[in-house]
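Asker: Sharing a structure below in C-alpha cells format, with a few things to ask.
Here, each number is a calculation from the coordinates, and none is a lab measurement. None of the values given here were measured: they were computed from a predicted structure. FYI the Cβ positions are ideal-geometry reconstructions off the backbone, even for glycines, and counts take in every protein chain you see.
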Ligand code: BTX
C-alpha cells in the first residue's frame, strides 16, 4: 500500500511525462516486478496509466477519489486524518468508527465514497450517494468532561464553514446545532456520538456528511437539501475540500482543547443562521416558540420565550421560522 502510494506520487510529479521503470526501481529501491504489481493495482483503482517500451509509465488520468494518496499532498494536520481508512462503500462511517475506536489512535478518520445506511440523528436516514459527497467520521479521544462532547459539533461546524468558503467561495451558515446551510438549504450534516462513562469519555465520533457534487435529491428532500455544486454551478474538487475540512478541524479542535470553547464561540455566533431568528423548539414532545438570542459558553442555544423566560437549549429539535419547515 505504501509502495503503491510512492509509485503514484512519482508518476504524479512527472505528470505529462514518462517515468522509466528503472527510475521507479532506483528511487524506491524495489524490483521491477514490485513496480509492475503497483501499476496494476493503481489501474484497477481507476488510474489510467500508459506504458511504452523503453519510455516507461505515464499517468494519463486520475480518478475522482478521496483516498489518502489523493488528499495527503494537501493535508497539513499533525494527527487528524493521519490514520486514514478509506472505503469504496460502507454501511455507515460512524458505525464503523464506533466498532474500531477503542483500538484506533486519536484522530483516525474513516472516509467512504458511498454509505449504504448513512445515518442522521435519532436514526434518521442520511442520503450518501457514491462519489457525490464526503462521508467521513473522525475518532477523537479528548480528555474533557462527557458534557463537553456536544461542543465538538460546533467545532466541526465552524471548520466546515471555513473549508467550504476556502474551497468553493460559497458562504454557508450554521443552523444550530448540526446543519450547514447554503442559500437556505441543507448542504451538510454533523452527527456527534460518544462512548463513555459518567465522568470519563472513552471516545467521540464526529460524523460529517457533505453534499459536494450531488446533482439531484430524492423528491422528499428536494425543497430542503442542496449541494455545493448546485449552489456554485460547478463541479467541486472533493480532494481539496476533504483536506481543507481536516486541516480546519484540527486547527479549531486544538484551539478548543487549549483555550476552551469560548475561543470559538464568537465564530459560532458569527456563522449562525439561527441567532436573532424566531425559532420553534421541540423538547420532550412539546413545542415552544421563542427567539434565539445567544450561543452559551457551553455551546447551547439561548432562547428567549414569549413568557419572558430564557432557556439554554442543549439538545432537541430547533427549526427556524421561514426556513424549510417552520
Ligand atoms: P439530521 O437528523 O439533522 O438530518 C437528517 C435529515 O436530513 C433526514 O431526516 C432528511 O430529512 C435530511 N437528509 C437526509 N439526507 C440528506 C442529505 N444528503 N442532505 C441533506 N439533507 C438530508 C444530520 O442528521 C447528520 C448527518 C450526518 C451524516 C454523516 S455522513 C458520515 C457519518 N456517517 C453516518 O452514518 N452519518 C454521518
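Asker: Quickly work out the residue 89-to-residue 269 label distance, labels modelled 7 Å from Cα along the C-beta direction, and quote it in nm with one decimal.
Answerer: Taking the simple label geometry, residue 269 and residue 89 are separated by 4.8 nm.
Asker: Hey, fewest Cβ within 10 Å first, where do 172, 104 land in order?
Answerer: By the 10 Å Cβ count, ascending, the order reads 104, 172.
Asker: Separate question: Name the residue, out of 34, 225, 312, whose mean-square fluctuation peaks in a Gaussian network model built on the chain with Cα pairs under 10 Å.
Answerer: Highest fluctuation of the listed residues: 34.
Asker: Considering the zone a paramagnetic label at residue 197 would reach in this model (a point 7 Å from Cα along the Cα-to-Cβ line), which residues of the range 82-119 have amide N under 17 Å from it?
Answerer: 102
Asker: Percent relative contact order of the range 278-320, based on C-alpha pairs within less than 8 angstrom and at least six residues apart?
Answerer: The normalised contact order for the range 278-320 reaches 38 percent.
Asker: With a Förster radius of 56 Å, plug the Cβ-Cβ distance of residue 280 and residue 76 into 1/(1 + (r/R0)^6) and report the FRET value to the nearest 0.05.
Answerer: 0.85
Asker: Mind giving me the nanometre distance, one decimal, between the label points for residue 116 and residue 222, set 7 Å out from Cα along Cα→Cβ?
Answerer: Here the answer is 2.8 nm between the modelled labels.
Asker: Next question. Expressed as a whole number of Å, what is the distance separating the alpha-carbon centroids of the range 178-196 and the range 260-307?
Answerer: A separation of 15 Å, based on Cα centres.
Asker: Please report the antiparallel percentage of DSSP beta bridges with both residues in the chain, rounded to the nearest 5.
Answerer: Taking every DSSP beta bridge with both residues in the chain, the antiparallel ones total about 90 percent.
Asker: Considering only 96, 57, 252, give the residue with the highest GNM mean-square fluctuation for the chain, with springs between Cα atoms whenever their separation is below 10 Å.
Answerer: In this elastic network of the chain, the residue with the biggest mean-square fluctuation among 96, 57, 252 is 57.
Asker: Give me 265, 238 sorted ascending by neighbouring Cβ count inside 10 Å, so fewest comes first.
Answerer: In increasing order of surrounding Cβ atoms, one gets 265, 238.
Asker: Rounded to the nearest 10 degrees, what's the angle between the helix 2-13 long axis and the longest principal axis of the chain, both from Cα atoms, 0 to 90?
Answerer: Relative to the chain, helix 2-13 is tipped by roughly 80 degrees.
Asker: Using a Förster distance of 41 angstrom, determine the FRET efficiency expected from the C-beta separation of residue 125 and residue 145, and round it to 0.05.
Answerer: Efficiency for this residue pair is about 0.85.
Asker: For the chain, set up a GNM with springs between Cα atoms under 10 Å and report which of 114, 61, 166 has the largest fluctuation.
Answerer: Of 114, 61, 166, the most mobile in the Gaussian network model is 61.
Asker: Suppose R0 equals 22 Å. What FRET efficiency, 1/(1 + (r/R0)^6) with r the Cβ-Cβ distance, do residue 31 and residue 55 give to the nearest 0.05?
Answerer: Result of the calculation: an efficiency of 0.65.
Asker: According to the square roots a ≥ b ≥ c of the eigenvalues of the Cα gyration tensor, what is the shape class of the range 1-83, taking rounded for a/c under 1.5, prolate for a/b larger than b/c otherwise, and oblate for the remainder?
Answerer: Prolate, because a/c is 1.5 or more and a/b exceeds b/c.
Asker: Rank the residues 217, 262 as a footprinting-exposure proxy: fewest other Cβ atoms within 10 Å of their Cβ go first.
Answerer: Lowest to highest Cβ neighbour count: 262, 217.
Asker: What's the center-to-center distance, using Cα atoms, between the range 128-144 and the range 45-89 in Å?
Answerer: Going from one Cα centre to the other spans 19 Å.
Asker: Between residue 3 and residue 183, what is 0.36 nm times their sequence separation minus the Cα-Cα distance? Round to one decimal in nm.
Answerer: Length gained, residue 3 through residue 183: 60.4 nm.
Asker: Taking N as the number of residues in the chain, what is its alpha-carbon radius of gyration divided by 2.2 N^0.38 Å?
Answerer: Taking N as the residue count of the chain, the ratio is 1.11.
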